[in-house]
Amino acid sequence: MRAAVDDVATPDPLGRRLPGIYADDDLAQRLTGAYDQVLAPVHATLDSLWAYFDPALAPPDFVDWLGSWVAAGASPDRPVDERRRVVAAAVTRHRVRGTAAGIAEEVRLTVGVLPEVVESGGTTWSATPGSPLPGAAEPSLTVRVRVPEPTPELAARVRAVVEANRPAHVPYTVEVLPSSADDVDGPR
């Protein structure tokens, strides 16, 4: 929780701005000094406002707020350094949002496991007119996550991530499966 910092000096004391007749007036200087104590944190915040918008420098609670601005989706239970990296890379991830790679990365960031993503689409080029089209006519998306202990909560989290990042017209299924001994390299 952010709070006032004791003994913050103002860069521009109000007493200096008073007419010369009040410069030596003790009461006037004490009254303006009280305002200075109230305004000093405002000056300090405004002087360093640029740092609040840099995920590497912003306070931890502000990093989460920045994440909401750029739809970063960093889970608050993750370490703050990881949340900073997620927010900093959000714009880059938005470039691939809705693609198999983008969905896989969002699932990895949410649950810590890179899933297998199987989609029905595809692209190709051909110099021959009338060539067969890639992919399937009906869109589909399957996201498989292999973890040591599958839980309904984990499946719900993966489902929410896929729902938020898939193309709106593509139906999907989520499979949360136990990892096997064959998963030497980890999930794909």
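Nothing in this text is a laboratory measurement; each read-out follows from the coordinates by a stated rule. These figures come from a predicted structure and were not determined experimentally. Note that we place each Cβ from the backbone using ideal geometry, even for glycine, and neighbour counts take in every protein chain shown.
Using the Kirkwood formula over every pair of different C-alpha atoms, what hydrodynamic radius in Å results for the range 77-188? Computed over the range 77-188, the radius equals 15.5 Å.
Mind putting a number on the dipole of the chain about its Cα centre? Charges go on the C-beta only, +1 for Lys and Arg and -1 for Asp and Glu, and I need it in Debye to the nearest 20. Present the calculation step by step, with values, prior to reporting the outcome.
Working: 18 positive and 26 negative charges, 133 e Å.
So the dipole magnitude of the chain works out to roughly 640 debye.
For a paramagnetic label modelled on VAL70 (point 7 Å from Cα along Cα→Cβ), amide N atoms under 14 Å away belong, within the range 79-120, to 82-96. Relative contact order for the chain: 15 percent, from Cα pairs under 8 Å spaced at least 6 residues apart, divided by residue count. Between the listed residues HIS94, GLY33, THR124, the Cα displaced farthest toward the positive end of the dipole of the range 19-141, a dipole computed from Cβ unit charges relative to the Cα centre, is found at THR124. Here's the picture: charge each Lys and Arg Cβ at +1 and each Asp and Glu Cβ at -1 in the chain, and of ALA137, ILE103, ALA44 the one pushed furthest to the positive end of that dipole is ALA137. Amide H contacts under 5 Å for SER120: SER140, restricted to partners 5 or more places along the chain or on a different chain, H placed in the peptide plane at 1.01 Å from N.
When averaged across all projection directions, what area in nm² does the alpha-carbon convex hull of the range 2-61 cover? Mind showing how you got there, number by number?
Working: hull surface 19.0 nm².
Answer in nm², one decimal: 4.8.
For the chain, the longest principal axis of the Cα atoms and the long axis of helix 60-69 meet at an angle of about 60 degrees.
Of LEU177, LEU57, LEU39, the residue with the greatest mean-square motion in the GNM of the chain, using alpha carbon springs below 10 Å, is LEU39.
Could you compute Rg(Cα) / (2.2 N^0.38 Å) for the chain, with N its residue count?
Numbers: Rg = 27.0 Å, N = 188, 2.2 N^0.38 = 16.1 Å.
Dividing the Cα radius of gyration by 2.2 N^0.38 Å gives 1.68.
Subtracting the Cα-Cα distance of TYR35 and LEU114 from 0.36 nm times their residue separation leaves 23.0 nm of extension gain. The simple spin-label model puts a point 7 Å past each Cα toward its Cβ; for LEU57 and GLU175 those points are separated by 4.8 nm. When the Kirkwood radius is taken over all Cα pairs of the range 37-116, what Stokes-Einstein diffusion coefficient follows at 4 °C and 1.567 mPa s, in µm²/s? After rounding, the answer is 94 µm²/s. Residues whose amide H lies under 5 Å from that of GLU175, counting only those 5 or more places away or on a different chain, are VAL143, ARG144, VAL145; hydrogens are built 1.01 Å from N in the peptide plane.
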